[in-house]
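Novice: Below you will find the structure I want to go over with you.
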Amino acid sequence: MLIAISFYLLAFTAVAAAFMVVAARNPVHSVMYLILTFFSAAGLFVLMGAEFLALLLVMVYVGAVAVLFLFVVMMLDVDFAEMKEGFLSYLPIGGLVAIILLIEMILVGATYASKTPSTVVDRTDGQSNLQAFGQVLYTDYAGVFEAAGFVLLVAMIGAIVLTLRTREGVRKQDAMKQMARTREDGVELVDIAPGQGISPMKPSSTEG
Amino acid sequence: MLANVVWSDLSPLIWFALKFAQSLTFVLALALLVAALVLADRKIWAAVQMRRGPNVVGAFGLLQTIADALKFFFKEIVVPAGSDKFLFILAPVLGLIMAFMAWAVVPVAPGWVISDINIGVLYVLAISSLGVYGIIIGGWASNSKYPFMGALRSAAQMVSYEVSIGFIILTVIFLTGSMNLTEIVDAQAGGLFNWHMFFLDFKNPINLVLFPIMFYMGVLFFISALAETNRPPFDLPEAESELVAGYQVEYSSTPFLMFFFAEYVNIMLLSGMMTILFLGGWHAPIDIGVQFIPPFLWFFLKTAFLFFMFAMVKAIVPRYRYDQLMRLGWKVFLPTSLAAVVIVSSWVVFFGDKV
């Protein structure tokens, strides 16, 4: 009973929030609804007994990905009137994509519904979520998992290479150099004869 | 708090009532502690600067925080005209809720925990990573330049330091072989040298390799905790010399109090987490077989000591510049904690007795 109520509440929230992601006028509100969707999905995972997956979803998507989304979207300067102008011209293409996606989802749903209904069952060997995940990822499919890791590594290096640029004449701070600085490097005592002033001092060798 | 009551034997209503009472006790205790800690913070800060600190309200100024809280409650809530009103109010509420939520899995003494889930560490990490939303949303909803800058800084800072905190916690999880906070504490039973931060195991010389690494991890965790809670020397989101008060500029009255409250609850949470992960939780430093001092008191003392360190750092360390903060996080903490993860996991595989 309680589980059923929780399920319908979470499922309804997830779908409603997902709809609002598209419908909200303000992009920042959209991201907030997206976060609500993630949360509801995490709640559904907990109901299924997959609490590890739920927390991972919250940590990775809500805690990191959505923060970066919000970070970017907050700084956007969007003109809503201008955005709405082009709406009709994009309607055919957008509509086509939507219809294709709808057909695909109906097909998937129909295939699923035609099978015998199955419910989530606890593992019989008493393994915890965490152990089951570890078993699958790091023992059964270790090679594939490592390959996926390498793909991500390549993507990361690619992003760094694309954005890396070296400029000449940038004054950089070198913490080690600063700490290695001694009194002799930084201070010069000059004995000035009265009435003669001081000759220009030689520039210091250490920057920073 | 009733030890070993079989929850499934109770009717759902009684179960709910008991859990509710537990949570309420935790929240009230935390709220009272925050009041004490704010005063302690100010007193320590004052002592370092050879001042007296708050000493007018109540004996030795003990009621100063209460007076301040009352002042905040009775002030008018000013919502800026151009702000996003709903999010503006939501932000501090969210921050406070997230700060309290993480305490649900923190064991303060054997069995004294609201929910003893087996992935408690992950839960704390997940919830504390949500704390940043209060700050970001608050900064954006204020529709003002300084709060916005503060929110951006805070987002970047908290995301950066969470990565190294995650790796540091991984080393502890490897050593314990569990993500349950109670089990992590119990793995450190039996004296000072079983605590993860002072891990000295003389049975096998190769085990001594872990001591410098785990000590360093403990220090890194403390520094990352400073950055994670936006405390000095990493309080760039609210650097008063550059950003007035950062994301709090437009806040007044109760919403401001909530931000303030959330900050101190978070500081307590990270002090408590460090106690659990590195300083043996409720275990006494010397194991003599009998506990004369209640376990909770040990936990409290260790957490209070860590908070004292937080306050001392605030008083004596100058603020970091933003690029220095990022350099420290990404170029020092991340590589070294990553290396520690590799070394500790190798140690567990080749020399550990828990596998």
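The values are calculated or read from the model by the stated rules, or taken from the named source; none is laboratory data. Because the structure is a prediction, the values reported are computed rather than measured. Glycine gets a Cβ as well: all are built from the backbone with ideal geometry, and neighbour counts include every protein chain shown. Please note that ligands, DNA and RNA were not included when accessible areas were found on the heavy atoms of the full protein model with its side chains. Shrake-Rupley method; radii C 1.70, N 1.55, O 1.52, S 1.80 Å.
Novice: Go through region A:6-64 and give me each residue that's crowded, with 19+ Cβ neighbours inside 10 Å, in contact with a Ser or Thr (Cβ under 9 Å, 6 or more places away or on another chain) and either in contact (Cβ under 8 Å) with a residue 60 or more places away in the chain or not in a helix (DSSP H, G or I) (or both).
Specialist: A:52
Novice: Quick one: in region B:110-133, which of the residues that are of a type in the set (S, T, N, Q) and within 9 Å of chain A (Cβ to nearest Cβ) is farthest from residue B:184 (Cα to Cα)?
Specialist: B:129
Novice: Any idea which residue in region A:143-192 is surrounded by the most Cβ atoms within 10 Å (Cβ to Cβ), counting only those that are within 14 Å of chain B (Cβ to nearest Cβ) and of a type in the set (D, E, K, R)?
Specialist: Result: A:177.
Novice: Tell me which helices (runs of 4 or more DSSP H) are completely within region B:271-355 and hold 3 or more residues being over 22 Å from residue B:156 (Cα atoms), or say none if there are none.
Specialist: Hits in region B:271-355: B:295-316, B:334-350.
Novice: Kindly evaluate residue B:165 against the criterion of being open to solvent by less than 40 Å² (accessible area, probe 1.4 Å) and away from chain A (no Cβ under 11 Å).
Specialist: For residue B:165, the condition - open to solvent by less than 40 Å² (accessible area, probe 1.4 Å) and away from chain A (no Cβ under 11 Å) - is met.
Okay, residues lined up against (1) in contact (Cβ under 8 Å) with a residue 40 or more places away in the chain; (2) open to solvent by less than 40 Å² (accessible area, probe 1.4 Å):
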{"residue": "B:261", "(1), (2)": "yes, no"}
{"residue": "B:267", "(1), (2)": "yes, yes"}
{"residue": "B:283", "(1), (2)": "yes, yes"}
{"residue": "B:288", "(1), (2)": "no, no"}
{"residue": "B:299", "(1), (2)": "yes, yes"}
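Novice: Among the candidates A:187, A:170, A:144, A:151, single out the residue that is at pLDDT below 90, aliphatic (A, V, I, L, M) and over 25 Å from residue B:328 (Cβ atoms).
Specialist: Only one candidate qualifies: A:187.
Novice: Regarding region B:245-255, can at least one residue be identified that is of a type in the set (A, V, I, L, M, F, W, C) and under 17 Å from the mean Cα position of the chain (by Cα)?
Specialist: For region B:245-255, residues of a type in the set (A, V, I, L, M, F, W, C) and under 17 Å from the mean Cα position of the chain (by Cα): absent.
Novice: Let me confirm something: among B:25, B:65, which residue is exposed (fewer than 14 other Cβ atoms within 10 Å of the Cβ), outside any loop (DSSP other than H, G, I, E, B) and of a type in the set (Val, Ile, Thr)?
Specialist: B:25
Novice: Considering only region B:270-297, state which residues are of a type in the set (Gly, Ala, Ser) and within 25 Å of residue B:169 (Cα to Cα).
Specialist: Result: B:271, B:272, B:280, B:281, B:284.
Novice: Only one residue in B:208, B:200, B:170 is hydrophobic (A, V, I, L, M, F, W, C) and not in a helix (DSSP H, G or I). Which one?
Specialist: Criteria check complete, one pass: B:200.
Novice: Next up: Across region B:139-162, which residue is farthest from residue B:322 (Cα to Cα) among those that are more than 12 Å from chain A (Cβ to nearest Cβ) and surrounded by 23 or more Cβ atoms within 10 Å (Cβ to Cβ)?
Specialist: Here the residue is B:161.
Novice: All but one of (1) more than 28 Å from residue B:30 (Cα to Cα); (2) surrounded by 16 or more Cβ atoms within 10 Å (Cβ to Cβ) hold for residue B:343, so report the exception by its number.
Specialist: (2)
Novice: Just to check your reading of the model, which residue among B:186, B:201 is open to solvent by 50 Å² or more (accessible area, probe 1.4 Å) and more than 14 Å from chain A (Cβ to nearest Cβ)?
Specialist: Exactly one of B:186, B:201 is open to solvent by 50 Å² or more (accessible area, probe 1.4 Å) and more than 14 Å from chain A (Cβ to nearest Cβ), namely B:186.
Novice: In addition: As an exercise: evaluate residue B:242 against (1) closer than 29 Å to residue B:81 by Cβ; (2) modelled with pLDDT of 80 or more and give the number of the one condition it does not meet.
Specialist: (2)
Novice: Can you give me the number of residues within region B:36-62 that are assigned to a helix (DSSP H, G or I) and closer than 19 Å to residue B:315 by Cα?
Specialist: Qualifying residue count, region B:36-62: 13.
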